[in-house]
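*Asks:* Below is the structure I would like to discuss, written out as structure tokens.
The values are calculated or read from the model by the stated rules, or taken from the named source; none is laboratory data. Computed from a prediction, not measured in an experiment: that's the story for all the values here. In this analysis, Cβ positions are derived from the backbone assuming ideal geometry, glycine residues included, and neighbour counts consider all displayed protein chains. Remember, those area values only see protein heavy atoms, side chains included, never the ligands or the DNA or RNA. Shrake-Rupley method; radii C 1.70, N 1.55, O 1.52, S 1.80 Å.
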Amino acid sequence: MMNRHHQLWPLLGAFGLATLSACTNGSHSNSEENLSIDSVSMTQSFIGGTQFLKPTSGIRGIFEDRAGNLWFTSPDWTCKYTPSDRDSASGGYTYFEQEWAGVVVGGFQEDADGRLIMQNANGFFSYDGNQFTPLTNRKYDAKDQWEMADGDLWFGVDKGVEFNEQEGQWGVYRFHDDEFNFLAFPDSAQGDRHNFYALTSEAMHGKDEMLWFGAFEAAFGFNGETFDFVGREKMGRADDPRDVGIRGYHMDSNGNLWMADNGVGVYVYDGKEVIHFTAIHNLRDEDTDGNSLHRAFSIAEDDAGNFWFGAVYSGIWRYEPSDDNPIGEGTFTNFDDAHGFPSQSVWTIYKTRGGELLFAAEDPGGVYRFNGESFERVF
């Protein structure tokens with residue numbers, strides 16, 4: 001992709017987006033000024049002969065690095081799993097635990113050189129193979145200068161629920177040339193709607209070179225020249241008093257954007273219109289006396305083209321689409337404890353480089369996979 005530079009402000013009127021103004025949400029308590037190596041240091045310990053991950057309330061994130069290691073995050077620890085060591089006496093799990101109060105729920109990405117970068121509520125960190133080191137090289141002097149280039153990494157505000165005073169509004173960090181450059185979202189001021197544009201997913205590439213950012217109540221697309229915006233109006237919820245709580249996003253193999261709302265269900269955006277997927281399949285809470293798909297939390301697509309949904313209190317769903325009408329027609333299967341999956345809540349479904357889907361459960365916390373007939377715990 002070519003390096004593209006774009007001024008944000010002139011486009012706002014063309015796309016029906018309101019003018020940006022500073023929000024009065026207060027500042028994030030963990031701003032970069034009070035970060036230090038001592039205050040964010042992590043210790044590691046090795047657990048020999050452990051088959052499964054240490055007990056936790058739930059696995060919140062999974063990431064596979066280029067070396068084939070799997071990373072798991074929970075409210076209690078961050079863990080690296082090395083596959084080749086799993087059955088050896090030394091064990092294959094390395095745990096990183098904070099020495100200060102708080103959680104180590106984070107997101108991982110790798111840059112072009114294979115450097116692993118983690119983000120959690122305390123900031124950004126790079127991993128050198130042994131420990132995490134804080135990264136504080138942030139810039140705020142070009143919030144409206146949106147541009148993109150190959151190799152960019154994109155991060156949200158520090159996995160928290162407030163932006164800091166230097167950010168001043170919701171937006172993203174573009175990691176480029178070893179710097180985190182803050183870029184403000186259009187239409188970011190929403191009064192007391194506290195989490196409106198807090199990101200809930202990683203950046204995703206879709207149709208027409210569009211890069212998508214998914215937040216609690218809206219998705220933003222940017223292709224280097226223009227913006228697209230999917231919020232309440234396109235979702236048909238402009239007058240809906242209920243909160244929108246989009247927890248999971250997925251870009252499918254055809255470039256359609258899927259959104260998992262924890263309260264209303266699944267939506268699909270094809271670039272022109274938003275389809276309320278849960279409603280057209282009669283799986284809203286009011287449509288069924290049994291399990292419903294109205295509290296969707298995560299979405300993934302397997303190599304066969306089937307869609308998998310993780311939900312709160314209704315387990316795992318598989319949707320096998322029709323060839324003639326892949327969004328509007330298909331077969332659903334709901335998996336629960338009878339199928340080897342004991343949890344009713346699925347925070348994350350992660351697809352590995354080899355195409356395997358891993359399902360992260362809460363209460364009990366663990367990671368499962370589907371063997372074609374039922375689920376089995378693997379971590």
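*Asks:* Could you list, in sequence order, all residues of the range 350-371 that are open to solvent by 60 Å² or more (accessible area, probe 1.4 Å) and either within 23 Å of Ala67 (Cβ to Cβ) or among the hydrophobic types (A, V, I, L, M, F, W, C) (or both)?
*Replies:* Once the filter is applied, which keeps residues that are open to solvent by 60 Å² or more (accessible area, probe 1.4 Å) and either within 23 Å of Ala67 (Cβ to Cβ) or among the hydrophobic types (A, V, I, L, M, F, W, C) (or both), the range 350-371 yields Lys351, Arg353, Gly354, Glu356, Arg369.
*Asks:* Sticking with this structure for a sec: So which of Ser298, Ser314 ends up being buried (at least 22 other Cβ atoms within 10 Å of the Cβ), touching a Leu at 6+ places or on another chain (Cβ under 8 Å) and among the small types (Gly, Ala, Ser)?
*Replies:* Ser314
*Asks:* In the range 334-344, which residue that is open to solvent by 40 Å² or more (accessible area, probe 1.4 Å) and either in a loop (DSSP other than H, G, I, E, B) or under 21 Å from Ile275 (Cα atoms) (or both) is modelled with the lowest pLDDT?
*Replies:* Within the range 334-344, the match that is modelled with the lowest pLDDT is Gln344.
*Asks:* Something else now. Are any residues in the range 301-311 touching a residue at least 24 places away in the same chain (Cβ under 8 Å) and open to solvent by 60 Å² or more (accessible area, probe 1.4 Å), and if so, which ones?
*Replies:* Asp303
*Asks:* Now a separate question. Looking only at the range 301-317, filter to residues that are in a strand (DSSP E or B) and not aromatic (Phe, Trp, Tyr); which one of those is farthest from Asp289 (Cα to Cα)?
*Replies:* Glu301
*Asks:* Just to be sure before I move on: is Ala279 surrounded by 13 or more Cβ atoms within 10 Å (Cβ to Cβ), under 20 Å from the mean Cα position of the chain (by Cα) and either more than 21 Å from Lys351 (Cα to Cα) or not acidic (Asp, Glu) (or both) in the structure I sent?
*Replies:* no
*Asks:* Moving on to the next point. Any residue in the range 106-132 that's without any contact (Cβ under 8 Å) to a residue 12 or more places away in the chain and part of a strand (DSSP E or B): show its pairings with residues that are of a type in the set (A, V, I, L, M) and surrounded by 19 or more Cβ atoms within 10 Å (Cβ to Cβ) at Cβ separation under 9 Å, as long as the two are six or more apart or on different chains.
*Replies:* If the second residue must be of a type in the set (A, V, I, L, M) and surrounded by 19 or more Cβ atoms within 10 Å (Cβ to Cβ), the pairs left are Ser126/Leu116; Ser126/Ile117; Ser126/Met118; Ser126/Leu135.
*Asks:* Among the numbered criteria (1) more than 29 Å from Gly354 (Cα to Cα); (2) open to solvent by less than 40 Å² (accessible area, probe 1.4 Å); (3) in contact (Cβ under 8 Å) with a residue 40 or more places away in the chain, which single criterion is violated by Gly263?
*Replies:* (3)
*Asks:* Let me ask something else. Please specify each residue of the range 248-286 satisfying the condition of being part of a helix (DSSP H, G or I) and at pLDDT below 95.
*Replies:* Listed by number, the residues that qualify are Asp285, Glu286.
*Asks:* Residue check: is Ser253 surrounded by fewer than 16 Cβ atoms within 10 Å (Cβ to Cβ), within 19 Å of the chain's Cα centre (by Cα) and not aromatic (Phe, Trp, Tyr)?
*Replies:* In short, yes.
*Asks:* Name the residues in the range 148-177 that are surrounded by fewer than 17 Cβ atoms within 10 Å (Cβ to Cβ) and touching a strand residue (DSSP E or B) at 6+ places or on another chain (Cβ under 8 Å), would you?
*Replies:* Within the range 148-177, Ala149, Gly151, Gln166 meet the criteria.
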